[in-house]
1. So ALA358 ticks every box in (1) closer than 25 Å to ALA641 by Cα; (2) more than 14 Å from the chain's Cα centre (by Cα); (3) crowded, with 18+ Cβ neighbours inside 10 Å; (4) touching a residue at least 60 places away in the same chain (Cβ under 8 Å) but one. Which box is left unticked?
2. Any idea which residue in the stretch 162-202 is nearest to the chain's Cα centre (by Cα), counting only those that are of a type outside the set (A, V, I, L, M), surrounded by fewer than 21 Cβ atoms within 10 Å (Cβ to Cβ) and part of a loop (DSSP other than H, G, I, E, B)?
3. Just to be sure I understand the filter: pairs with C-beta atoms under 9 Å, separated by 6 or more residues or on different chains, first member in the stretch 424-441 and farther than 17 Å from ILE467 by Cβ, second member in a loop (DSSP other than H, G, I, E, B) and small (Gly, Ala, Ser). Which pairs pass?
4. Considering only the stretch 222-263, state which residues are open to solvent by 90 Å² or more (accessible area, probe 1.4 Å) and under 48 Å from the mean Cα position of the chain (by Cα).
5. Which one is farthest from PHE416 (Cα to Cα) among residues in the stretch 665-679 that are open to solvent by 40 Å² or more (accessible area, probe 1.4 Å) and part of a loop (DSSP other than H, G, I, E, B)?
6. Looking at LEU506, LEU514, LEU498, which one is at pLDDT 95 or above, open to solvent by 10 Å² or more (accessible area, probe 1.4 Å) and under 21 Å from VAL564 (Cα atoms)?
7. Yes or no: ALA661 in contact with a Pro (Cβ under 7 Å, 6 or more places away or on another chain) and touching a residue at least 24 places away in the same chain (Cβ under 8 Å)?
8. Residues in the stretch 536-556 that are in contact with a Cys (Cβ under 7 Å, 6 or more places away or on another chain) and loosely packed, with under 14 Cβ neighbours inside 10 Å: how many?
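The values are calculated or read from the model by the stated rules, or taken from the named source; none is laboratory data. Bear in mind the structure is a predicted one, so any value in this text is a computation, not a measurement. Virtual Cβ from ideal backbone geometry, glycine too; neighbours counted across all protein chains shown. We work out accessible area using only protein heavy atoms, side chains counted, and drop any ligands, DNA or RNA first. Shrake-Rupley method; radii C 1.70, N 1.55, O 1.52, S 1.80 Å.
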Amino acid sequence: MCGALGGVLAAALVAPIVAGAGVASNTAAGTITKLPPPPREDPLPEVTRLVDKDGRQFAQFYSQNRQSVTIDQVSKPMREAIVAIEDARFYEHAGLDVRGTIRALIANTQAGGIRQGGSSLTQQLVKNILVNRAESDKERDNAQVRSIRRKFTEMRYALALEEKYSKDQILERYLNIAYFGAGAFGVQAAARRFFGVSAKDLTLGQAAALAGAVRTPYSTDPARGEEQREKLQQRRDLVLDRMAELGEITPVEAAAAKSQALGLNMRSEPGGCAESAYPFFCVYVQHEILANPAFGHSRADRERRLQRGGLTLKTTLDATAQAAADKAIQARVAAEDTEVAAEAMVEPGTGRIRALAASKRYGSNPGGKVTGPNTTFNLPADTAHGGGMGFQAGSTFKIFTLATALAKGWKFGQGFDTPGVFVPSEGFTDCAGKPVNDPNAKIYNASGEGKGGPYSLELGTWKSSNIFFMMLEREVGLCDVIRTAKALGIQRADGGKLSEVPTFTLGVNEMDPLTVAAAVATFGARGKYCKPVAITEIVERDGRRVEIPPSCSATVDPAVADAVNDVLSGVFTQGTMKGQSIGRPAAGKTGTNNNYTSAWFAGYTPNLAAAVSVGDIRGSYKYPLNGVRIGDQTYGSVQGASLPGPIWVDSMQQALKDTPATDFTAPDMGRFGGGFTPGLREAMAAERGDVEYEYWYEDENGNLYPEEDDYYRGGPRDDYYRGDPRADGERRRRRD
């Protein structure tokens, strides 16, 4: 009855006035009494939050800083204050404050235009709804234009809303949609922005200040300066006086609240990745969303959902691992250096990205320069996720040739004699069946020396012999090596086609650390490759949850993976990383590129894998890592073991400090034992100046090595000669 009477009364009262203003009275009456459906309410723009694996927020996106709350999550003083100052008869009228509206219409008619506002809270809600759903500047302007026609539309919609919702429901919607200034939309965001509290905890003075800000959010924006803060305090005091006048509080309570300072505790609400604690991980997630059709049909739709959708994205980020990677890099590479280091950490068996770190800060340099302490490239990732062109991966790619050889029947200790220089003039065919030989190329070992000699599968890996791996790649087939790499997710950082050339095994393709880390994680998971994943769960604004499972496949025979792990573990005990350890079983491979254009280390445990790259951001070919000062150290040349390796060791130690150590599965010696490399024993003995051994030691596992030779002491991964047919299998003493 109240609603109907209010509408009829309003029509009866305003008709003569608007008629005098040139609008037919019967049209005006009909306009109000024949109510339209309530205005369509599009979802309010809400903040999208990124949280780490433990639920801690580290980034947010928004077009409007808003977090909607229910009416019972707003303090009583806040509810009373907003009603008192904006619409004192809110709980009495049916959507229109007739006296206020008539007063405003009379003044506006006499002035020949809009000069006074008489809108109820419900009318203000209507205006905000129309602005929120506007899809163009024209629609937005129409929703806010100061005209009598718009006021009639607003009044009709207000009456319709009053029929649809209860008073508390209308007030709740108003408190969530209103703009309070300082970039805060809705009472919850305003409470946090102005006072650092939740809406349910707002005191009388705080509530009065926010209620006073709604009418003039720009002139009372405390973030703008002292003048605006003074105006905000004046508005607060006005609200308190009004509340006392209406009997909501006593004059004594009003005076006490007015005697206090505003008590502002302005809290910044950074949006986007540049202000995130973990910007490179944030950028990766952002690109994942913008490129994934699951978040919208077009990029514009996906951008809108990210900025307005109110999602909570639970990510895979591990704050401990991230801090470890950041610290290890920053300890050795300065943000101001033109050389950059980047690291990605991935969990074997799930593909969950645990950390993405780089030596530079995320953001633009002054003047948009390439050099400087900042970068807008997501250095640990590929171009599809905001990264750059990457760096050549170097000898880390020898892992794929090793795995291919073991899968094709090669055994521990098996190898061949190598020349001092290798020319790939024959025997190399790409995956299209086309010969890709290069008779003009000359391949030397990593340090450029022409020394050749016999190498076994293990020794060639530990010493990272380029010539041995070129010959091994030719032996097992270039295309098969490429297929192994692709099965482990290898693709160029720039998204282009892999270069299928003889030097593929030497890592001539430009890569990003995340792709390489995910690839080597396959071996830590005993042959299960998992695509890198950054989001594990999406929580919609209404609480609905969508879990994102790992995307994994068995790409390498578990027994082959075990054998690879066994060989690569020796890199730490007998190879290029000898003397560097993380204090638990680990495997990995250094990567030092030709002419020192870049350097890498990629390694893993059963629990965590990581890859570190170092190169010059100005261009690795033009600026090789020779005679450079990086951080506080000068390097004659940067190799995989001299800078990326130590970063990897330090970061992995800290990232895994609370994780129990896990052993690799021992290799199947029945399948992989028994190899032999002619001349290797004699070459190694001559290299050390040792006497020739006639007797061999067989341990409890059946592994053979010279009994007194400390160089080989330590088990099967240290023995170059296991399976030597000259070993008689009995434990004997060495002959002097």
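1. (2)
2. The residue in question is GLY183.
3. Listed pairs, sorted by first residue: THR429/GLY477; PRO435/GLY427.
4. Passing the criteria: ARG224, GLU226, GLU227, GLU230, GLN234, SER259, GLN260.
5. Of everything passing the filter in the stretch 665-679, THR665 is farthest from PHE416 (Cα to Cα).
6. Every option except LEU506 fails the conditions.
7. Criteria met by ALA661.
8. Qualifying residue count for the region: 1.
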